[in-house]
Each structure stands twice: as structure tokens, then as C-alpha cells.
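Encoded as C-alpha cells, the structure appears first; notes follow it.
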Amino acid sequence: MKSWGDKTLTWLARLMVGLVLLINMQCAVLFILQPEVYSPGFELTGAAGAAAVRGIGLLFLMWNVPYVVAVYHPKAYRISLFEAIVMQTIGLVGESLILWSLPAIHETARGTITRFIVFDAVGLFLLCLAAWITRK
């Protein structure tokens, strides 16, 4: 039988993974439903800009499959939690490289990328903490 502490830690891990999942899904849905609101942040305009932002939203949906499995049970499905950690790390490193390669003149896009970096850094911390507190 599980101890009270074990159950509490599992639920705390679910909460951490769930928070990252919730924000990812919110971003995905908003990018898909209202791309015209977000395309200027990427310095994109018109129908092509809206399509690009919708595509990013779709990628967010695809990206979150392991997060859904990990939030269901972070201990039983640790592989999904580790997949989410790797994906979050790739996002953080990739976005950082994009930011560093983007000329300063693209202030708006740099701001948008910086917000993604901050979110991914916080999300990575939460996912790693969830993995640590649910370790054997």
C-alpha cells in the first residue's frame, strides 16, 4: 500500500507537469484559433503569417502527447516524463540558439522568443522537479 507521502508526491508531480501542459495547450489553442493576434509577435503578417502561427499551434498539440501521459501517472509512466524533459530541453536550447542568431533589429521577434525561453526554462525546472520527487 502506498504511503500518504508517496501519494502526495505523486499528486504534486502531476500538478507540476499539469501546469506545464496547461500552458502549452492554452498556447496551442490560441495560436490555432486566433493566429492573427500572435503573428505580429513573430513579425509575420497576412494569411501566410496566420498559417505559420497555426502550424506552430499544431506542433504544440503534437508536442504535448508525452505530457498528457506523464500527468496521468508520472511514476508509472516515467518514460513519458523523461520524454517531456528532453523535449522541453530541446525547446529551450533551440529557442536560445534562435535568439542568439537573430539580429537586434528584430526586437519584436526577440521579445516573443525570450518569452518562450523563460517559459521553457521554468517548465524544464518543474518537469525535472517532478521527476526528482517521484524517483524510486
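Every number here is computed from the coordinates shown, using simple stated rules; none is lab data. Keep in mind that this is a model prediction, so the values were computed, not measured. Cβ coordinates were reconstructed from backbone atoms using ideal geometry, including for glycine residues, and neighbour counts include every protein chain displayed.
Between S101 and I79, residue separation times 0.36 nm minus the direct Cα-Cα distance comes to 4.6 nm. Comparing P66, P74, P103 in a Gaussian network model of the chain (Cα springs below 10 Å), the most mobile by mean-square fluctuation is P103. Between A84, A70, A121, the Gaussian network model of the chain with springs among Cα atoms under 10 angstrom shows the greatest mean-square fluctuation at A121. Sorting L126, L30, L97 from the fewest to the most surrounding beta carbons within 10 angstrom yields L97, L30, L126. Remark: spin-label model distance L19-T108 equals 3.2 nm, labels positioned 7 Å along the Cα→Cβ axis.
Note on the chain: with a GNM built from Cα contacts shorter than 10 Å, the maximum mean-square fluctuation among V69, V37, V93 falls on V37. Helix 4-33 sits at what angle to the longest principal axis of the chain, using alpha carbons and giving 0 to 90 degrees rounded to 10? Computed tilt is about 20 degrees. Based on C-alpha pairs under 8 angstrom that are at least 6 apart in sequence, region 4-133 has a relative contact order of 33 percent. To the nearest 0.05, what FRET efficiency results for A52 and L30 with a Förster distance of 22 Å applied to their C-beta separation? Working from the Cβ atoms, E equals 0.90.
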